[in-house]
1. Looking at (1) of a type in the set (Val, Ile, Thr); (2) out of contact with any strand residue (DSSP E or B) (no Cβ under 7 Å at 6 or more places or on another chain); (3) modelled with pLDDT of 95 or more, which is the only condition Val85 fails?
2. Mind checking which residues of segment 9-68 are among the basic types (Lys, Arg), closer than 17 Å to Ala107 by Cβ and either surrounded by fewer than 12 Cβ atoms within 10 Å (Cβ to Cβ) or in contact with a Leu (Cβ under 7 Å, 6 or more places away or on another chain) (or both)?
3. Which of the residues belonging to segment 77-95 are closer than 17 Å to Ser27 by Cβ and small (Gly, Ala, Ser)?
4. What number of residues within segment 85-100 satisfy the criterion of being more than 16 Å from the chain's Cα centre (by Cα) and within 16 Å of Glu47 (Cα to Cα)?
5. Taking the criterion of being of a type in the set (Gly, Ala, Ser) and closer than 30 Å to Lys95 by Cβ, would at least one residue in segment 6-22 satisfy it?
6. Go through segment 1-56 and give me each residue that's within 22 Å of Ala101 (Cα to Cα), more than 13 Å from the chain's Cα centre (by Cα) and of a type outside the set (S, T, N, Q).
Amino acid sequence: MIDLDRFKQINDRFGHAAGDAVLGMVSGVLQGYVRRSDTVARLGGDEFAVIMPETSPDQGRLRASELDRLLNNLIVPYDGHAIPVHGSVVLEIYKPGAREADVTDSADRKMYRTKQAKQPRRAR
């Protein structure tokens, strides 16, 4: 699962057309990276899923790490601006017999923890 970080700030600063350009570029990067057997889906807003069947957990971790690297080094040119993309990528293994809802719920919890870890700590 992929969730773009600070996406609202892009829309607020550059406009929704810029946000659409970022979403399109992210989609293109994801589509360009996956295998024919994989599926890329936009879940809504700034969230995407990449389903990688026939992938071992080690391969999945490696591929998720590479997607993280690609997305967090992406710069989207828009109307004379260079918009940096930041995203969070988590891997959830779909085990035989698992329910889809359990897999997505677990991925959502991992995403929440990943995003929380990126937040600056407040001084006490």
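The values are calculated or read from the model by the stated rules, or taken from the named source; none is laboratory data. Keep in mind it's a predicted model, so treat the numbers as computed, not measured. Here the Cβ positions follow ideal geometry from the backbone for every residue, glycine too, while neighbour counts run over all protein chains shown.
1. (2)
2. Result: Arg61, single match.
3. Within segment 77-95, Gly87, Ser88 qualify.
4. Number satisfying all stated conditions: 0.
5. Start the filter on segment 6-22 by keeping residues that are of a type in the set (Gly, Ala, Ser), which leaves 15, 17-19, 21.
Retained after the next criterion (residues that are closer than 30 Å to Lys95 by Cβ): none.
Looking for residues that are of a type in the set (Gly, Ala, Ser) and closer than 30 Å to Lys95 by Cβ, one finds none in segment 6-22, hence no.
6. Hits for segment 1-56 are Asp38, Met52, Pro53, Glu54.
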